[in-house]
Amino acid sequence: MQFFTTPTNGGYSTLRLVAIISRITSLITLDYCLMLIVKALSIKRTFAVIAINISFLLSACGGDSSSDPTPNVEPRIISNFQTSTSAGSSESLVFKIEASDPENSTMNFQWSSSEGALGTSSQTTQANSVLSEVTWTAPVCSDDPIQISVVVADADSLSVSYQFALVAGAMCTSAGIQPAIQITRTSGEIPFHVYVSSSDTTATGVTNPYDQLEYSWDFDDTQSEGSFVHPVTGDTVEANTDQAGPEASFVYRNPGTYTITLTAKYQSGNETLVNQTSTTVTVSDWSGETRYFDPEFGSDENAGTSTDAPWKTWSTLVNWITAEDHRQALIKRDTEMPVNEMLWQTQSHIRIGAYGSGAAPRLTAESEISAIIRLASDTTIEDHVYSDLLLDGNNGSSPSLFYARIYEPNAIMRAVAFLDMTFVNDDPHGAEDVTSNMITIQNPPDGFIDDVLVWNSTFIRNHSVKNGIYAEMQGHFAVIGSSFSGGDGNNIKDHPIYPATVNHAQYRWINFQQTHSNNFSINSASKAGNTLYYTLVDGCNITGGQNGLDFSRHNSSTTGWFSDLIIQNNAFHGLGNPTQGYGIIGGSLERATIRNNQFYDIPYSDIIVGKDGDREVSLQLYGNKIWKGAEPANSLAMLDFQDVFNLSMTNNIFVNEGVTGGSTNIGYYI
């Protein structure tokens with residue numbers, strides 16, 4: 001349809017009418033606007049008729065639908081999927097949602113759940129839609145149905161939500177499980193570490209809750225540095241939530257109040273019994289004095305109280321930090337500090353660490369000293385943290401890098417932590433062996449050393465002799481997320497880790513690497529006729545040396561045993577360097593559980609356990625995978641059990657290819 005006019009005698013032009021009417025369209029209706037146009041074009045003047053598209057005038061009144069923008073609408077749900085409407089304890093389900101957007105804009109998918117843990121969602125673009133998928137892990141137990149939902153939003157934030165069918169989780173039925181947390185301490189200043197244990201947990205009708213219940217920990221801290229690469233699986237694990245088993249440790253690096261939660265679970269037939277308990281720790285900021293050191297550009301004439309005016313030398317650091325309690329020395333990164341005297345420390349509440357960016361500061365022994373750092377006290381010494389440092393013994397100039405010993409029978413040493421450290425030494429193997437243990441912790445029988453943590457640290461032993469760590473102490477010793485390489489000493493007494501007389505020990509996520517000559521990766525010793533309780537070895541890569549693990553009495557002239565020992569989720573392989581090649585030797589056991597481990601490329605027996613003295617052995621073996629090839633020809637039986645009368649074996653897999661050579665025996669029992 002065409003409309004007409006424009007004036008010929010000074011009247012209103014169509015364009016001017018449009019401009020006038022456009023100014024008032026926000027105040028009038030469409031009908032009234034059109035009436036004004038008609039009235040204006042009917043003025044009693046002489047007009048020349050011209051052809052004008054009516055939509056041009058209607059646009060002034062907002063009446064042309066073809067010129068209006070299409071209103072945006074929210075995305076549309078096309079389909080949905082969920083694996084199930086029920087989930088067992090910690091079971092994973094998959095949820096999917098398919099959506100399209102009429103405007104074909106980018107869509108964002110926000111998943112949420114009332115309980116449990118959602119993984120990272122993935123999106124797949126299809127012809128006319130997008131499919132979003134997420135994996136959800138159920139909580140250990142839940143008293144209420146669980147809601148999983150998703151919100152789909154377009155580029156203009158218009159959204160639509162969808163709630164999946166409720167999921168019924170495992171009921172929180174305790175049925176006599178009473179979890180209990182034993183903890184080394186509940187308050188302190190950063191960095192602050194704790195050792196926790198579930199050893200006091202009880203369960204009705206369960207004879208050995210320490211190894212028969214499943215335990216998991218939540219340390220309520222997602223900000224601190226606690227990510228590790230699992231040396232067996234290669235997965236990233238979080239110390240905050242991924243520590244499984246009755247023993248655990250954690251490092252808090254930020255002030256705050258945290259709730260540590262222990263979950264205990266027991267499978268009774270088809271019923272999952274679960275209960276939880278918690279305890280609180282309070283972590284404060286550092287409140288002591290701090291001095292800064294720059295070995296390159298500092299000056300001992302400076303104040304030392306800021307990074308702009310740092311001190312310079314090791315001797316100044318030694319004199320200052322040994323003078324009083326509650327002091328912290330920070331050394332600039334990417335520097336090397338010559339060490340020409342031993343730091344002999346008797347004070348408490350001490351920190352030595354690093355500041356700035358770059359590589360850890362290197363402390364290099366430049367003189368012949370017995371150790372770089374030594375702790376010794378005849379009373380009480382506690383709360384020491386050494387972090388982000390590289391201690392270099394410089395080819396045996398300092399045979400031991402860290403040495404701690406108490407001398408008086410009633411003296412106490414506790415709460416010592418090594419965080420993110422590197423220890424390096426080498427031995428020229430001249431006329432005599434000059435190196436010793438990288439870390440030595442030793443006390444007389446009547447003294448007391450407790451709560452030592454080695455966290456995310458690296459031990460590069462090269463041709464050094466003796467041990468990476470020798471820890472003769474009473475309790476609560478942990479090595480977490482660390483690595484050991486090298487070592488070239490006595491193949492009987494040389495071990496990466498040599499703990500003795502320790503109750504409550506844990507070795508988690510440790511990567512044992514190639515050596516020159518080692519005996520056991522971990523050689524645990526008992527003595528003085530005592531039974532040592534509560535040891536956990538979890539998720540370690542055990543390889544490179546002569547043998548794997550040993551739990552036996554200290555020597556033939558003493559007696560001692562181990563009980564409540566758990567060895568789980570480890571890989572034993574590539575042993576027999578330079579000789580022998582046993583996976584696990586249990587020479588002095590009372591009760592041990594070996595579960596969910598892998599054994600391969602081990603020339604001698606994978607597991608050898610024997611009765612020692614008058615103590616009967618209780619051995620649980622399940623979920624293990626053991627493989628033995630045809631070589632070498634002198635290989636031994638996979639299992640060698642001597643006088644073990646209380647033996648439980650379930651769900652193990654044995655593969656023995658010893659047909660043309662080697663032992664064809666899976667087990668040898670006497």
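The values are calculated or read from the model by the stated rules, or taken from the named source; none is laboratory data. Keep in mind that this is a model prediction, so the values were computed, not measured. Note that each Cβ is placed from the backbone with ideal geometry, even for glycine, and that neighbours are counted across all protein chains shown. With ligands, DNA and RNA removed, areas are computed over all heavy atoms of the protein, side chains included. Shrake-Rupley method; radii C 1.70, N 1.55, O 1.52, S 1.80 Å.
Overview of values
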item	result
Relative contact order computed over the chain (Cα-Cα under 8 Å; 6+ residues apart), in percent	6 percent
Globularity ratio of the range 176-305, using Cα Rg and 2.2 N^0.38 Å	1.41
Neighbourhood charge, 9 Å Cβ-Cβ cut-off, centred on residue 327 and excluding it, Lys, Arg +1 and Asp, Glu -1	-1
Anisotropy class of the range 340-454 from Cα gyration tensor, a/c 1.5 cut	oblate
Charge context of residue 468, other residues only, Cβ under 11 angstrom, K/R +1, D/E -1	+1
The range 193-275: relative contact order in percent, alpha carbon pairs under 8 Å with at least 6 residues between	37 percent
√(5λ) per eigenvalue of the Cα gyration tensor, the range 396-516, largest first, Å	24, 17, 12
Within the chain, helix-based [θ] at 222 nm, where runs of 4 or more DSSP H residues each add -39,500 (n - 2.57), nearest 500	-1500 deg cm²/dmol
Packing-based ranking, highest mean first, of 317-328, 519-530 given that Cβ atoms within 10 Å are counted	519-530, 317-328
Separation between Cα centres of the range 291-333 and the range 385-454, rounded to whole Å	23 Å
Protein-only accessible surface order, largest first, of 650, 422 at 1.4 Å	650, 422
Value of relative contact order over the range 281-436, rounded to a whole percent, pairs C-alpha under 8 Å and six or more apart	17 percent
Net lengthening on full extension, residue 171/residue 308 (0.36 nm per residue, minus Cα-Cα)	43.4 nm
Folded to 0 to 90 degrees: helix 30-41 orientation relative to the chain principal axis, Cα	40 degrees
Cβ-based net charge around residue 516, under 15 Å, with every Lys or Arg adding one and every Asp or Glu removing one	-2
q = 0.22, 0.24 Å⁻¹, the range 277-365: log10 I(q)/I(0) [Debye, one scatterer per Cα]	-1.09, -1.27
Candidate residues 666, 78: accessible-area rank, largest first, probe 1.4 Å	78, 666
Volume in Å³ per residue [convex hull over Cα atoms, computed for the chain]	260 Å³
